[in-house]
Structure formats: C-alpha cells, structure tokens
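Student: Questions regarding the structure given below will be posed in turn.
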C-alpha cells in the first residue's frame, strides 16, 4: 500500500494534468528518456521513461512522457500496428511488437 504522502502527490498531479512517471521511479531507481520511432517510416511515436538495462518489451502508460499517436496503437503516418494493449501486474501497458519500432537513447552493450 502506498504511503499517504505518495497518494496525496498522485492526487495533486492528476488534478494538474501532469505525468506521474517520475513518482513511480522515485525510490532510487535510475531511468532515462528514450524516443520510440516507427521502424517503417521513422515517425516519432513516444517519448518514454525507460528503467532498467534490458530491451524495450512493454511501455507502461504512466511512464509515457509524450504520446504522438492517436491512441489506437498504430503509427499515425503509415498505419502499421506497433503494439498491443495488455494489463501487466494490474497496470495498463502497451506490449511492443518486436521489429515494428526502434529506439533512440538506449545504452549500447
């Protein structure tokens, strides 16, 4: 159960219409902002706060900083489907279809 202070911050941010992503990663985790582009036409789909070292498998909705899609999980420019909606751990997310997107800002091994 989240603390009362965290719940109050979440409530205030919802009222202000700001993103909640920084609150979810507040407790010592590192994250970076990456750009997610369509692999077919290179259109910028999302700016996303990525945590961890692994590849991009899913995008949690609360971590999406800037969304340039229409919300139908298709590229607005070429209409290619790049993700599927899925609930993961009781949190709404977009499950990325591998090969349909590429990222900028990820660390290389």
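The values are calculated or read from the model by the stated rules, or taken from the named source; none is laboratory data. For clarity, every value in this text was computed on a predicted model and none was experimentally measured. Reconstructed Cβ throughout: ideal geometry from the backbone, glycine too, with neighbour counts over all protein chains shown.
Student: Search region 80-97 for residues being part of a loop (DSSP other than H, G, I, E, B) and either modelled with pLDDT of 95 or more or under 13 Å from the mean Cα position of the chain (by Cα) (or both), and hand back the single one that is nearest to residue 35 (Cα to Cα).
Tutor: 82
Student: Check whether at least one residue in region 36-50 is on the phi > 0 side of the Ramachandran plot and modelled with pLDDT of 50 or more, and report yes or no.
Tutor: Checking region 36-50: at least one residue is on the phi > 0 side of the Ramachandran plot and modelled with pLDDT of 50 or more.
Student: Within region 97-104, is even one residue free of Cβ contacts under 8 Å to residues at least 60 places away in the same chain and in contact with a helix residue (DSSP H, G or I) (Cβ under 9 Å, 6 or more places away or on another chain)?
Tutor: No, region 97-104 contains no residue that is free of Cβ contacts under 8 Å to residues at least 60 places away in the same chain and in contact with a helix residue (DSSP H, G or I) (Cβ under 9 Å, 6 or more places away or on another chain).
Student: Still on this structure: With respect to residue 56, determine if the residue is at pLDDT below 95, part of a loop (DSSP other than H, G, I, E, B) and surrounded by 11 or more Cβ atoms within 10 Å (Cβ to Cβ).
Tutor: yes
Student: Return the residues of region 59-73 that are touching a strand residue (DSSP E or B) at 6+ places or on another chain (Cβ under 8 Å) and either surrounded by 17 or more Cβ atoms within 10 Å (Cβ to Cβ) or in a loop (DSSP other than H, G, I, E, B) (or both); say none if nothing qualifies.
Tutor: 59, 60, 62, 63, 64, 68, 69, 73 - these are the residues of region 59-73 that are touching a strand residue (DSSP E or B) at 6+ places or on another chain (Cβ under 8 Å) and either surrounded by 17 or more Cβ atoms within 10 Å (Cβ to Cβ) or in a loop (DSSP other than H, G, I, E, B) (or both).
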